Each structure stands twice: as C-alpha cells, then as structure tokens.
1. Might you check whether a residue that is near the ligand (Cβ under 9 Å from one of its atoms), of a type in the set (K, R) and in contact with a Leu (Cβ under 9 Å, 6 or more places away or on another chain) occurs anywhere in the stretch 179-190?
2. Within the stretch 38-55, can you find the residues that are away from the ligand (no atom under 16 Å from the Cβ) and buried (at least 21 other Cβ atoms within 10 Å of the Cβ)?
3. How many residues are in a loop (DSSP other than H, G, I, E, B), at pLDDT 95 or above and more than 21 Å from A82 (Cα to Cα) if we restrict to the stretch 1-52?
4. Could you grab me the full set of residues in the stretch 131-160 that are within 10 Å of the ligand (Cβ to nearest atom) and touching a Leu at 6+ places or on another chain (Cβ under 9 Å)?
5. Report, by residue number, each residue of the stretch 111-130 that is open to solvent by less than 40 Å² (accessible area, probe 1.4 Å), over 16 Å from the mean Cα position of the chain (by Cα) and either closer than 19 Å to S98 by Cβ or away from the ligand (no atom under 16 Å from the Cβ) (or both).
6. What number of residues in the stretch 220-234 are of a type in the set (A, V, I, L, M), within 19 Å of R258 (Cβ to Cβ) and open to solvent by less than 10 Å² (accessible area, probe 1.4 Å)?
7. If we scan the stretch 17-33, do we find a residue that is under 22 Å from A144 (Cβ atoms) and either open to solvent by 60 Å² or more (accessible area, probe 1.4 Å) or of a type outside the set (D, E) (or both)?
8. Please state which of the following conditions V102 fails to meet, knowing it meets all the rest: (1) within 14 Å of the ligand (Cβ to nearest atom); (2) within 17 Å of L65 (Cα to Cα).
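The values are calculated or read from the model by the stated rules, or taken from the named source; none is laboratory data. Given the structure is predicted, the values throughout are model-derived calculations rather than measurements. Note that each Cβ is placed from the backbone with ideal geometry, even for glycine, and that neighbours are counted across all protein chains shown. With ligands, DNA and RNA removed, areas are computed over all heavy atoms of the protein, side chains included. Shrake-Rupley method; radii C 1.70, N 1.55, O 1.52, S 1.80 Å.
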Amino acid sequence: MTYQEAQPFSVALIQAHIEIGNPPENRSHIRALMEQAMKVELKPDLIVLPEMWNTGYALDRIHELADKEGTETRAWIAAFAATHEVNVVAGSIAEKKSDGHVYNTMLVFDRTGREVASYSKIHLFRLMDEEKYLQPGEEKVLFALDGGIRAGASICYDIRFPELARSLALSGANLLIVPAEWPHPRLHHWRTLLTARAIENQMYVIACNRVGRSGDTDFFGHSLIIDPWGEIIAEGGEQEGIITGTIESALVQDVRGRIPVFEDRRPSLYDR
Ligand SMILES: NC(=O)CCC(=O)C(=O)O
C-alpha cells in the first residue's frame with residue numbers, strides 16, 4: 001500500500017502496564033493488546049508500543065533478560081505485522097547486540113513484516129541509571145511508512161534534546177515517534193516538550209507512554225498524538241488502554257506554508 005498525502009493514516013498506541021523483569025509475561029500481554037487494537041472499527045495503519053516493554057527497567061539483571069540480538073522480538077512482531085498487514089513501531093526493547101552490550105532499541109516493521117529500521121536511544125537517562133547498564137546508540141534514524149510518511153525515531157529522554165528532533169525534521173521527517181517510560185512528577189514536562197517539538201518542527205508527534213507502578217515509580221500514561229499546529233488530537237489517561245487517532249501528512253505542508261519557519265532559520269548565527 002502506498003500512502004497518499006491527503007489520505008488519513010490511523011494510529012493505535014498501546015499504553016500498557018509493564019511487568020518488571022518478566023519478558024514472557026510482557027510479550028503475551030502486549031500481544032493481546034495488539035490483537036485488541038486490530039479489532040477496533042477503524043483498523044490501524046500503525047501500531048506503536050512503549051519503551052523497554054520486554055524487561056521494564058530491570059537494569060541490574062538486564063544482561064540476562066535482554067533479547068539476544070532482538071531475535072525473539074523480531075520474529076513475533078514481524079509475523080504479527082505480516083498477518084495483520086499493519087506497520088508496527090515496536091516501541092523499544094532491551095536488546096543485547098553481538099558486541100556484548102545492551103541497547104535500548106526501537107524496531108520498525110512494515111505491513112509485509114519486513115524490518116525497515118532500528119534505532120538505539122542516543123541520550124541515556126541518568127535519573128534511571130541507564131548510563132550504568134546500557135550502551136548509547138550513535139546515529140539518528142529516519143524511516144518511511146507506506147512509502148509516503150517520513151518518520152523520525154526518538155525514545156523518551158531524547159525529547160529533551162530539541163537538536164535531535166530538528167535534525168530529523170531537516171532530514172525530511174514529518175512525524176516524530178516517541179516510545180516512553182516517563183513517570184510522575186514530570187507530566188508537565190512530558191506534555192510541554194512533546195507539544196514544543198511538534199510546534200517548532202511543524203510535524204506530527206506520536207508518543208506512547210507506559211502506565212503502572214514499578215518499585216516506587218509511577219508511570220502516568222498520557223500517550224499523545226499531536227498535530228503540526230500543536231493541537232492534541234488524542235491523549236490517554238492514567239489507565240491501561242489503546243489510544244487512537246488519525247493523521248494526514250498534507251497538514252505538515254499546510255502548516256509549514258502558513259509560518260515559514262524552515263525558510264527563516266539563520267543557521268550561520270547559531271552555535272550548532
Ligand atoms: N525513560 C526515560 O528516558 C525517562 C525520561 C524522563 O522521565 C525525563 O524526565 O526525561
């Protein structure tokens with residue numbers, strides 16, 4: 001299927017609870033929610049999962065729990081995508097790569113089950129000790145969905161670095177996808193930063209956050225779909241659920257035409 005600019009593209013965000021350190025339980029739970037998402041009246045064109053959904057932040061056991069070269073996740077998500085003919089941004093998983101390090105990695109599959117991209121989080125979050133256990137990725141990643149939607153990858157803490165989203169937009173992204181495990185008390189930061197990334201880059205932002213308690217941390221959900229004008233199209237509550245919305249990438253060109261931010265940039269005057 002090839003995406004046409006004026007064609008609505010429907011999205012389902014799987015705002016799930018994640019069981020710390022229990023990949024088999026998380027796999028079957030996430031799969032059940034994905035099956036449920038395929039049964040809604042408006043069949044999604046894209047499913048998005050939250051961050052580190054296989055293990056949660058079980059960082060002290062992450063070398064033992066991480067998916068070895070993402071083999072298991074790749075197999076079942078690819079089969080799901082092909083069976084249901086749906087694009088899947090498989091949030092992110094703890095992936096142990098062949099270099100022996102564990103990465104926080106996003107995997108992306110198209111409707112035929114072909115893997116079209118993988119992105120490892122480049123900014124590790126010290127407040128949750130990521131830098132002690134994980135290896136950062138070293139490159140930004142863009143990918144196309146249905147041949148017409150150009151998406152940029154970003155994972156959770158990455159959204160605090162406007163340089164990344166701007167660089168993805170300058171490279172052609174009209175949509176930013178953000179899997180997350182973002183907890184209280186920073187709901188205000190979450191909503192504000194995501195909205196700012198949408199407004200300043202005049203792009204859609206789709207952000208899927210987990211819910212539930214892990215240790216003494218409360219994850220608040222509030223998954224968001226934000227349009228290029230900064231309007232919130234859909235927002236989850238604090239309970240588990242599937243958040244749906246529709247995007248039209250023609251709106252990106254419309255907003256960029258209304259306020260010519262990209263034409264008015266003065267990069268020669270900025271430090272970087
Ligand atoms: N998993 C994360 O990267 C959390 C980021 C976060 O909570 C923040 O405030 O930034």
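1. No, that holds for no residue.
2. Those that are away from the ligand (no atom under 16 Å from the Cβ) and buried (at least 21 other Cβ atoms within 10 Å of the Cβ): P44, D45, L46, I47.
3. 8
4. Y157, D158, I159, R160
5. Across the stretch 111-130, the qualifying residues are R111, G113.
6. 1
7. No: zero hits.
8. Failed condition: (1).
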